[in-house]
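Since the structure comes first, as structure tokens, the remarks are kept for the end.
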Amino acid sequence: MSAPAPSTSTSSATRIVIAGAGPAAQALVSQLDRARFTGTITVLSNRDDTPEELLELALLPQVSVRFGQPASHIDAVNRTVATADGMEFAYDQLVIATGSAPVANPVEGAGACLSYSTIDDAARIGEAVSEVARELGRRPLGILVGNGTAAGQAEAVLRAQGVRPVRTTARPAAVVPGTSGSGFAASAVIFEDGSSMNGDLVVLAEERISRDGLAASAGLRTAPSGGIVISQDFRTSVPGIWALGDAAAFDGVRLGLLVAAASAAGACATQLLTAASAAVPLQAAA
């Protein structure tokens, strides 16, 4: 999806607050900047570190990134967001992009694995597979761990890249690092009973849950399986509040499994610009 068309009609008083600072939030800020949004954008990050991507966004004149200040409460009536340390930010439009978290603790040695949690991981996995295949001089044998939608998508990605996937729904106790120079490969998984599965690379596609804890304070609808319920244009059940990325759920599925972050951010940015230009709350999601 292309970036929203440049707009010069947005009121300079429009305040957009983004709760979260992951890939979806970063893509949204970039899209709004490309569209020459003239209001202010405040990003509330739960990260204490300062990754390069966020530092670049913080240099934009209309953007303020608050590192280590995650949103903790939303007052939807007065349109304010409070952070864990007591700071309060007023908004005209609020976007929740707090992402998702793994259900279980990381498997020992998981850093040597490839992982699949959203559609955006497909490209990274494809690059790593190509590198492993070049080193081996043959089709790699992949061990895929997981079940559910994410694992199904990961299997399709691996097959499309020429990998012979062997799938297991049993969770391993540990991952054995491989010898590939890619830096993201493992050769085997070991289970609690001492049995193992050997391959050329390991992909973890384990269950994740949306970080939708802000929904309760704002009275937002959530999906039974987790995630803030959104309409096709990213509106939540409360006017003025939108959700993006893995914090959102469309038709009961995490948005990250349905739409790439850049595409979703482009579409959401268009809606935000329209709402800012109209300067009136849009109808909430049904």
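Tabulated data for the structure shown
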read-out: Rounded if a/c under 1.5, otherwise prolate or oblate - the stretch 87-232, Cα gyration tensor axes; value: prolate
read-out: Cα shape, the stretch 126-176, gyration tensor, a/c 1.5 rule; value: oblate
read-out: Accessible area, probe 1.4 Å, largest first, for residues Ile190, Ile125; value: Ile190, Ile125
read-out: Around Ala24: net Lys/Arg minus Asp/Glu count, Cβ-Cβ under 10 Å; value: -2
read-out: Helix 261-278 vs. the chain, principal-axis angle (Cα, 0 to 90°, nearest 10); value: 10
read-out: Computed helical MRE - 222 nm, the chain, DSSP H runs ≥ 4 contributing -39500 (n - 2.57), nearest 500; value: -7500 deg cm²/dmol
read-out: Cα-based helix-to-principal-axis angle, 121-136 vs the chain, degrees rounded to 10; value: 30
read-out: For the chain: span of alpha carbons on each principal axis (Å, largest first); value: 59, 34, 34
read-out: DSSP bridge orientation in the chain - percent antiparallel, rounded to nearest 5; value: 40
read-out: GNM top mover of Gly86, Gly68, Gly266 - the chain, alpha-carbon springs below 10 Å; value: Gly86
read-out: Choice from Ser225, Ser195, Ser187 with maximal GNM fluctuation in the chain (Cα, 10 Å cutoff); value: Ser195
read-out: Sum of side-chain charges, Gly142 neighbourhood, beta-carbon under 13 Å (Lys, Arg +1; Asp, Glu -1); value: +3
read-out: Alpha-carbon centroids, the stretch 57-113 and the stretch 219-279: separation in whole Å; value: 15
read-out: Counted charge near Asn78, where neighbours are those whose Cβ lies closer than 14 Å (Asp, Glu -1; Lys, Arg +1); value: -1
read-out: Shape category assigned to the stretch 219-273 from the gyration tensor of Cα positions, a/c cut at 1.5; value: oblate
read-out: Whole-number percent relative contact order across the chain, with pairs defined as alpha carbons under 8 Å at least 6 apart; value: 21
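The values are calculated or read from the model by the stated rules, or taken from the named source; none is laboratory data. Note that the structure is a prediction, hence the values are computed from the model and not measured. Cβ sites come from the backbone with ideal geometry, for glycine too, and all protein chains shown count toward neighbours. These area figures cover heavy atoms from the full protein model, side chains too; ligands, DNA and RNA do not enter into them. Shrake-Rupley method; radii C 1.70, N 1.55, O 1.52, S 1.80 Å.
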